[in-house]
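Remarks on the structure that follows.
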Amino acid sequence: MSLIIALTVLEFTADLIVEFNPAFSFRGWDTALKVFGMAILVVMTLKQTFLPGPVNVHRVMGGVAAYLLIGVTWAFGYKLLMEVAPDAIHFQTPLAAGVSTGEPARLIYFSFETLTTVSYGDAYPVHRVARSLAIAEALIGQLYPAILIATLVGLALQERFNAAVKETEVKGPAN
């Protein structure tokens, strides 16, 4: 928890520095810090979600939160790429004058479009690194829900089995 708080304060400070002094930005260090912090948050959320124990609504909500965090983390990963290669992702609708190509709202849209494999066709990766990232995100988007559901069902079945064994031990052996 201390690590997340420290990274949040550091990222907020970096955002303020870049906001008020754009010339201070060294090729996306603030965005790289965002990706790193979000990735740590995803791992910590997944760790809590997949711990042994009873399946409850909080565990399911943690799994959903991790899925959403994965999408936002990838969006900032795309933003980092767009800072190096501004035309890495092609968007059909043009941006308003003065809006940066790595606008977070568009990249979050592209990320969740890729994560859920919806792909409306209005945005697509052009750069080879963007394509690789999109393929990896789409694979995660397909595998994560299956793994989450299988794990939660497995944990629930294990809990039932342990309760049945405990009940049998309390009653004693059948004659």
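The values are calculated or read from the model by the stated rules, or taken from the named source; none is laboratory data. Since the model is a prediction, treat every value here as computed from it, not as a measurement. Heads up, the Cβs are rebuilt from the backbone with ideal geometry, glycines too, and the neighbour counts pull from every protein chain shown. Surface areas here come from the heavy atoms of the whole protein model, side chains and all, with no ligands, DNA or RNA. Shrake-Rupley method; radii C 1.70, N 1.55, O 1.52, S 1.80 Å.
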If you fit an axis through the alpha-carbon atoms of helix 2-20 and take the longest principal axis of the Cα set of the chain, what angle between them do you get, 0 to 90°, nearest 10?
20
Excluding ligands, DNA and RNA, the carbon-plus-sulfur percentage of the accessible area of the chain with a 1.4 Å probe reads 70
Over the range 47-94 - Rg/Rh using Cα atoms and the Kirkwood inverse-distance radius:
1.26
Extreme residue, positive dipole direction of the range 40-175, given options Q92, V43, G53 (C-beta unit charges)
G53
Semi-axes (Å, rounded, descending) of the ellipsoid equivalent to the range 1-89 per its C-alpha gyration tensor are 30, 16, 8
In degrees rounded to 10, the 0-90 angle between helix 29-49 Cα long axis and the longest Cα principal axis of the chain is 10
Per the helix-only calculation at 222 nm, which mean residue ellipticity applies to the chain, given -39500 (n - 2.57) for every DSSP H run of n ≥ 4 and division by its residues, nearest 500 deg cm²/dmol?
-25000 deg cm²/dmol
Helix 104-115 axis, angle to the chain major axis (alpha carbon atoms, nearest 10°)
40
If you put +1 on each Lys and Arg Cβ and -1 on each Asp and Glu Cβ, how big is the dipole of the chain around its Cα centre, in Debye rounded to 20?
460
Of the residues N21, V129, S2, the Cα lying farthest along the dipole of the range 1-149 towards its positive end, which is defined by charges on the beta carbon of Lys, Arg, Asp and Glu, belongs to S2
Averaged over all directions, how much area does the convex hull of the C-alpha atoms of the range 100-175 cover when projected, in nm²?
8.1
So for each of 74-81, 57-64, 143-150, 34-41 I average, over its residues, the number of other beta carbons within 10 Å; can you give me the resulting order with the highest mean first?
74-81, 34-41, 57-64, 143-150
Debye log10 I(q)/I(0) for the chain, one point scatterer per Cα, at q = 0.09, 0.10, 0.11, 0.13 Å⁻¹:
-0.43, -0.51, -0.59, -0.75
For the chain, averaging the sequence separation of alpha carbon pairs under 8 Å that lie six or more residues apart and dividing by its residue count, the contact order in percent is 20
Under the √(5λ) rule applied to the eigenvalues of the Cα gyration tensor, what semi-axes describe the equivalent ellipsoid of the range 31-130? Give them in Å, descending.
30, 15, 10
Each label point is 7 Å from the Cα along the Cα-to-Cβ direction; what then is the distance between the points at V165 and D122, in nm?
5.3
For the chain, the per residue accessible area (1.4 Å probe, Å²) is 63
